[in-house]
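> The structure is given below, and queries will be raised subsequently.
What follows draws every value from the coordinates through simple rules; no lab data is involved. Being a predicted model, the structure only gives us computed values, none of them experimental. We place every Cβ from the backbone using ideal geometry, glycine too, and count neighbours over all the protein chains shown.
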Amino acid sequence: MNSSDAQSDNPLLAPFEAPFGLPPFADITPDHFMPALEHAIAAHLAEIDAIARHSEPATFANTIVALEKTGSLLQDVCRIFFNLANAHTNPALQEIERAIAPKLADHQSKIYLNNAVFDRVDAVFKNADALGLEPEDARLLQQTHKSFVRSGAELNEGDKARVAQITARLATLATVFSQNVLKDEQDWYLLLSDETELAGLPNGARDAARRAADDLGKPDGYAITLARSSIETFLQFSERRDLRETAYNAWINRGANGGETDNRAVLNEIVALRHELAQLLGFENYAAFAVDDQMAKTPDAVRTLLDAVWAPAVARAHEECKDLQSLVGAEGGNYQIAAWDWRHVTEKVRAQKYQLNDADIRPYLQLDKMIEAAFYVAGRLFGLTFTPLQNVPIHHQDVRAFDVRDAEGGHVGVFLGDYFARSSKHSGAWMSSFRVQHNLDGQVRPIIVNTMNFARGGEGAPTLLSFDDARTLFHEFGHGLHGLLSNVTYPSLSGTNVSRDFVELPSQLFEHWLLQPEILKTFAVHAETGEAMPDELIQRIKAADTFNQGFGSVEYLASAFADLELHQQTPSDDLDVVRFEKGLLDAIKMPVEVGMRHRLTHFGHIVGGYAAGYYSYLWSEVMDADAFQAFVDQGDIFDAETAGRLKQHIYAAGDRQDPEAAYIAFRGRKPTIDGLLKKRGFAR
């Protein structure tokens, strides 16, 4: 069979004929990916070479716009591959992932370190003032030029070669790191068999554990896995302190268990290479490089924000710990609160203070109703409707597909929801895409996917969520709306392609609507009785909204400090990231009863796109707290005028303008930290 025949038989390289251009998932096998990727890389390089060899002087159209039009096939194949590699992987896909990561990095280097291409980009950039460009065109030019410069385009040939080597090696290491964490998660489970081991677990948690055991081929037991919804529920409810400790240690030691999946040496090498890369590009350290093109601009600005929240957060955490310890003593417990106790005892303190516990709330938070609630809010704010799609290609049988329409009935995009935990899926929750919106060659509508890891309910029973689970659903759906509502010309400026410390604004802002009585009264419906959540329970939930915020803030901030400080280190051969982590926690006086939200050896954010950027959730929270206040000030959480500005300047705007300017266009001013401190209960 010749290469053209192989290409014609490859569903990844043929036009997608399914409704809405969805990929033909059922026809795709792992064997299709490497040939498709290699073909798409070659096609992209040919497109780049045509630009480099263009006989006419460089213009915005024949260089900058031309670059935007290249690589569409490669992007399509990569989106399919990496979505599957993250959400429904297998050994064959993992092998391809390890092989393709350095090839893709090398491919990017061949583009961004191509002298002829950069000379053309630079010529257009230096003549920008004379071009009379429209604002979005000017933004594209600025961002394109910056991408080349930050990739090393202005370096000498020797340094360019070293940048290419580093970039390829980092891609390999990131893949190894991620796969090591997944392997640790897949290999561990805690099998419970009798009532003494199940003590404290409510029926919903038992049903989910039974289902997990069935999936593991252990039909006579109950399995606790390292999916966050499974283990956090266990830590919250289990009366068995010894089993809580076992489960907690398994959770925090992912990537640090010795053997083939240990990530300590992997992370050491990542940190050293990132430092070298930053210095080659003219920065003191990687944190300075990473933050330079974000809203924060400098590590000092990040540290100032983290410090401003750290002090009140620690003070609150100490107060919370005293309450926990008092309850342990009152119950006759002869132990000091440890990290594996915090969630469990907190649940009891919450019940005492607010007559509220998770078991009271879960029956009202059915997954299907929470999805419906998120759709309702999107409808009220932005006029969107979500209609289930049947008989369309999906990448796993659990995935739900929806046709998204605007108020006039026009097609906005396709939304895919992948909600349940499974062993083939990486832990966590995220939004991604199979296609992004742009208007470069006609209207291209997005295909957006939300991926989560909720513990599925028992056979025939609804899946019940904790309030944190429901908040996660709203958070990721906020990201989804950022992709769906995008309305830009150029794909590289589309949707969530914005700075890290701005990208969390649409997601965190959307969370606010979950807690509104109008939403809870309508969609928080008891799974057994069908009754709406009572007003008094809603009031108790709202009253407890800032409860345990000391703990939540400290566990997050500790990880943000570790990320920032690690990427400001001057690496050495004997760097031990676990010892570094302990030294940092001692230096910031981390309460010993609180664990980090993410320890470094499994901290996927900082190996992926959030290196030296985990702070961004807090930076965005300054904006989201201030942004929701705009609706509160109008006395209407669905105020049409405010929602219109929000859509125009935030959700639909992509990266067509500077993020600070975008926020000011929506709000009329810069945000202040006051709203964040009030939201977390640290100020009145």
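> Output the peptides 511-522, 167-178 sorted from most to least packed, where packing is the average of other Cβ atoms within 10 Å over each peptide's residues.
For the peptides 511-522, 167-178, the packing ranking is 167-178, 511-522.
> About its Cα centre, what dipole magnitude does the stretch 188-254 give when the only charges are +1 on Lys and Arg Cβ and -1 on Asp and Glu Cβ, stated in debye to the nearest 20?
Rounded to the nearest 20 debye, it is 260 debye.
> Excluding Gly583 itself, calculate the net charge of residues whose Cβ lies under 11 Å from the Cβ of Gly583, where each Lys or Arg counts +1 and each Asp or Glu counts -1.
Around Gly583, the charge tally is -2.
> Could you order peptides 484-491, 265-272 by the average number of other Cβ atoms within 10 Å of their residues, highest first?
By packing density, highest mean first, the sequence is 484-491, 265-272.
> Which Cα, out of Ser432, Phe628, Leu277, lies furthest along the positive dipole direction of the chain (beta carbon charges, K/R +1, D/E -1)?
The listed residue farthest towards the positive side: Phe628.
> Ok, one more. Which label belongs to the value computed from this structure, given these candidates for Cα extents along the principal axes in Å: (i) 83, 62, 59; (ii) 77, 73, 58; (iii) 116, 61, 49?
Only one option fits the structure, namely (i).
> What net charge is computed for the residues neighbouring Phe638, neighbours being all others with C-beta under 13 Å from the C-beta of Phe638, Lys and Arg scored +1, Asp and Glu -1?
Summing Lys and Arg as +1 and Asp and Glu as -1 gives -2.
> Inverting the mean 1/r over all pairs of different Cα atoms, compute the Kirkwood radius of the stretch 264-372 and quote it in Å.
It works out to 18.6 Å.
> Now a separate question. Classify the stretch 1-80: rounded, prolate or oblate, from the alpha-carbon gyration tensor (a ≥ b ≥ c, eigenvalue square roots; a/c under 1.5 rounded; otherwise prolate if a/b is larger than b/c)?
prolate
> Quote the Stokes-Einstein diffusion coefficient, in whole µm² s⁻¹, for the stretch 144-191, based on the Kirkwood radius over alpha carbon pairs, a temperature of 25 °C and a viscosity of 0.890 mPa s.
Roughly 185 µm²/s, to the nearest whole number.
> Now a separate question. Taking the alpha-carbon distance from Lys183 and a cut-off under 19 Å, which aspartates and glutamates remain once sequence neighbours fewer than 8 residues away in the same chain are dropped?
Counting by Cα, and skipping residues close in sequence, Lys183 has these aspartates and glutamates nearby: Glu95, Glu97, Asp215, Glu260, Asp262.
> Hey, what's the per residue convex hull volume over the C-alpha atoms of the stretch 363-543, in cubic angstrom?
Output value, Cα hull per residue: 135 Å³.
> Next up: For the stretch 87-144, with equal point scatterers placed on the C-alpha atoms only and solvent neglected, what are the log10 I(q)/I(0) values from the Debye formula at q = 0.16, 0.23 1/Å, to two decimals?
Evaluating at q = 0.16, 0.23 Å⁻¹ gives log10 I(q)/I(0) of -0.67, -0.90.
> Take the alpha carbon atoms of the stretch 189-226, find their center, do the same for the stretch 122-152, and report the distance between the two centers in whole angstrom.
If we compute the Cα centre of each part, the gap is 57 Å.
> Let me ask something else. Taking Rh as the Kirkwood radius, which is the inverse of the mean 1/r over Cα pairs, what is the Rg/Rh value for the stretch 188-254?
Here Rg/Rh amounts to 0.92.
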